[in-house]
Every structure is written in structure tokens, then in C-alpha cells.
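See structure below.
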Amino acid sequence: ALCKNLFHLSIWMLSILQFSSDAFHLRTNDAAFRRPSLARHTSKLGAAMELWLDLRPSGPSTPDGNVGAADAVVLCPDQLDDFLSSPEASGATAPRVLVAGDDGTLRDGRALGGRPLGACVDVSEPSGQDAALSLVGSTDWILASFGTDGGGAGTDGGVPWTMIPAENLIGACSGTSTSVAASVERAEDVPGLAHALQLGVAALCLRSPSGSTWDAAVSARDERSSAPGAHPPSERRAGIVSGSCARTRTTVVADRVCLDFVRTLSSSEGVFVGSSAKVLVLVLSEAASGSGYVPSRPFRVNAGPVHSYVLMGDGETARYLAEVVPGDEIYVYDSGTGQGRVVAVGRAKVEPRPCCMVHLESPTEDRETGGKVGAEGQVFLQLAETVRIGRVGGEGCRVTDMEVLQDDKMTGTVLDVILRISGLGTHVGKTYDGE
């Protein structure tokens, strides 16, 4: 009898704990919002940067003094035997040997058979960038070259485009097993490549090993090595929390976007939007109008102006509303159940409408882990009774019901609104391990 009573007491205590958890935490069961693993988002901020020397015949001759100081050298296949027999290829300071094949492969010159390490890709054309992006996650290295002055679609007839292609590759490779090496033609390109998106390339390949280029590369490498690391991933992950919002006095006429979905949404379902991808707020569907003034539109979310971000169906990528087209899949979240689903857009309707700015603020501490997750942001939403912000428990707050902030006093602040926050940076809508 005693064991039976203890069993029932344990069940009763577990139910109390579960109730407390439900009362104080927003729980998200959908895979898109589960806590990312530490391995996936391991920070590379402050990571060491390698220096490579390109000894292929197309480049100028290399001073002997720089070979031993390099982490790796890049050769053509017919140069390999001569280099391996040279004094520079042996000793404690001997660099790694990389062989760039005519087929675009990058191989380990010291390994029997030339173990594949990566690919050499010319990204001076957009098609080249697409080819490089297609390799992300399937190879160890991408050695990117940016063309020469006066040629290529990415040059505008002058200096080649370097930073934008490099940032695109760095952002895409963040959190993957692929690293980016960048060919450097000019000393003035070194600082930008070394610190792009706060991460920088993993290696600089010096095609012109002049004094100024080499000195700039060494300086950038030393600066990278002494840079502080990123915040722990647990403090930078994306998550859904309850926060607060308040309407400001700012009102503008904006090109507002209504997202009309191919499926019906409930009154507690909506999408995450915001002026920054780091702080998004749940804006509910127009399924709960019920006023008699306008018919219900359960397939529609009045999402705000064209500049706002909306969370896409993968639960990670944020895209500008101006870029959403029919067929795109959006993440739809239910504020009542904490469940999410993916629904396709059937139409994106853009019209000029008056919009007010709503200030958003998340708690300064995650109530599950104690980690610091506080953030502030804002969103512009149309001044209409059908526009509602999602709150915990499936309720909504109409934008027109919110009091206007007076002299920065938080009078009229709406609590328990549903926010999606992230400490990770975004580039072209995709997250990367920067700020």
C-alpha cells in the first residue's frame, strides 16, 4: 500500500511540474525550431587564417623566402615532382602541397594518388559563383578566383567584383565542412577578404607575392589570430520566446504586402515578420475578423511593407517580402498549440497603405536555459483592425487597439507576444555564425 501511495504521489508531482512548464514556457515541437546542435553552429570568429602561395606558371615568380613562411603552395601537376625534390619541400617549415588540376580539382600533392581536397572555381561570372555554391558541404576547400581587371560580368569593365562573391561563399559555407580560400591579386583586397562577414576566408592564396601583398596578408593573419571569439552557440541560437511590443508614434505610407496562402489558416496561426531577421514577431491571419464590416479572409496574412523579412518554410531562411513569389513556402506557426507547418503562397498582393511602427522586445534571459537572449527590434504593420499580433495561448492583439508610446514610456505595452529571435547574422537571408 505504501508503494502504491508513493507511486500516485510521484504521478501527481510530475503533473504539477508539467503544468508549471506549460504555464511559463513556449514549447515548440516542430523540427525547424529545435535547438541547433553545437557542432552545426560552432563559431569560427577569430579562427586562424592560412596563407597560401600560388606557384603556377600563370603567376609571377615567387621569392624563395616566402615559400617556407607559407602554410601551403599551389602547383600545376607538371610542377609537382620538381617541387617535392627541392629544399623548400622538406624540413620543419615545409608547406603543404596542393595540386590544381586542369579539371578544376584541388588535390593533396603529398598523398599517394593525390587525395581530393577541393575545387578551384573562377567566380568572376555569376555562373561561376553558382558552381562554387553547389559544392558547399561536399568538399573540404573551394579556392575562388575573381578574374582580372577589365574582364568578366562581375568586373563592370574595371576592377573585378571580389567582396560580394566572397561574402556569398563565406555565408554559404558557415556551419558546414567546407572552407573558402580566396586568390588575392592586390594588397588592398586583403583586409576585406580577411574579415568579410566577421568570419573572413579560411585562406588567402597570394598570386602576386610582392612585399606589400605579403605584408598585408601577414598583418591580417596576426589580427585574426588575436581577435576575440564569438559568443557561445547557446547564446546565439534561434528560438521562439514570449516578449513585449508597443506601438510608436511613427506612421508612414508603405508598400504593404498581403500574403494569400493556398491553404486555410486558423485564427491562431500566422507568420513571423520583422524589419530585422534577428527579431521577428508573429502576425496572425485574417481568419478572426467577424465584424460584419469586411468578410473573413482565413487564407490571408497582412504581413507589412516590402522591406520586412518573413521566415521561410525551412525555419531558418528569412526573405524580403518584396521577393516572395507564388509557390514559395512560408513557415506558419500556431500560437495556440506551438506547432508549425509549411504552406505555399498563392499570391503576394502589394498596395500602398498607412503603416505604424511597433517596437519589439524580448526577455533578457531564456527561462529554459538561463542563457542571455535579449534583443530589440521593430516591425511596420498596416493600421487596420484586421491586423493582429499573436500572443501566448492563441490570442491576438489588434494593432489599432495598441496605445501609442508617449515620451518613450512603456505605457500600453502589450505583453506575452510571440517573438522569434536569433543571435546569428544573416547574409542574403541565410544565417551564418556572425553578427
HN-Hα J in Hz across the stretch 89-100 - Karplus 6.51, -1.76, 1.60, θ = phi - 60°, x for Gly and Pro
8, 10, x, 5, 9, 5, x, 5, 10, 10, 10, 8
Under-5 Å amide H pairs with Ser124, H placed in peptide plane, nonlocal only:
Gly147
Under a crude label model (7 Å from the Cα following the beta-carbon direction), how far is Glu329 from Val350 in nanometres?
2.5 nm
Run the 1.4 Å probe and let me know the accessible area of Leu84, rounded to the nearest 10 Å².
70 Å²
Residues with amide H under 5 Å from that of Arg347, placed H, sequence gap 5 or more
Asp260
A correct Karplus calculation of ³J(HN,Hα) over the stretch 266-273, with 6.51 cos²θ - 1.76 cosθ + 1.60, θ = phi - 60°, whole Hz and x for Gly and Pro, returns 7, 5, 9, 9, x, 10, 8, 9
As a test of reading the structure, rank Trp141, Trp161, Trp52 by solvent-accessible area (1.4 Å probe, protein chains only), most first.
Trp161, Trp141, Trp52
Ala92-Asp215 pseudo-label distance in nm [points 7 Å out on the Cα-to-Cβ vector]
2.8 nm
Assuming R0 = 51 Å, what is the FRET efficiency of Asp78 and Asp314, from their Cβ-Cβ distance, to the nearest 0.05?
0.65
Estimated FRET transfer efficiency (Gln198, Val306; beta-carbon r; R0 30 Å; 0.05)
0.60
Estimate the FRET efficiency between Leu383 and Asp140 by the formula 1/(1 + (r/R0)^6), using the beta-carbon distance for r and 35 Å for R0, to the nearest 0.05.
0.10
Sequence of Glu269, Glu361, Glu395 when ordered by accessible area, the most exposed leading, probe 1.4 angstrom:
Glu395, Glu361, Glu269
Leaving ligands, DNA and RNA out of it, work out the accessible area of Asp122 with a 1.4 Å probe and give it in Å² to the nearest 10.
80 Å²
So what are the ³J(HN,Hα) numbers for the stretch 316-333, from phi and the Karplus equation (6.51, -1.76, 1.60; θ = phi - 60°), rounded to whole Hz, Gly and Pro as x?
10, 7, 10, 10, 5, 4, 5, 9, 6, 10, x, x, 5, 9, 10, 7, 10, 10
Would you mind computing, in nm to one decimal, how far apart the modelled labels at Arg56 and Asp260 are, each placed 7 Å from Cα along Cα→Cβ?
5.3 nm
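The values are calculated or read from the model by the stated rules, or taken from the named source; none is laboratory data. Keep in mind that what you see is a predicted model, and the values were worked out from it rather than measured. Glycine gets a Cβ as well: all are built from the backbone with ideal geometry, and neighbour counts include every protein chain shown. Side chains included, ligands, DNA and RNA excluded: accessible areas come from the protein's heavy atoms. Shrake-Rupley method; radii C 1.70, N 1.55, O 1.52, S 1.80 Å.
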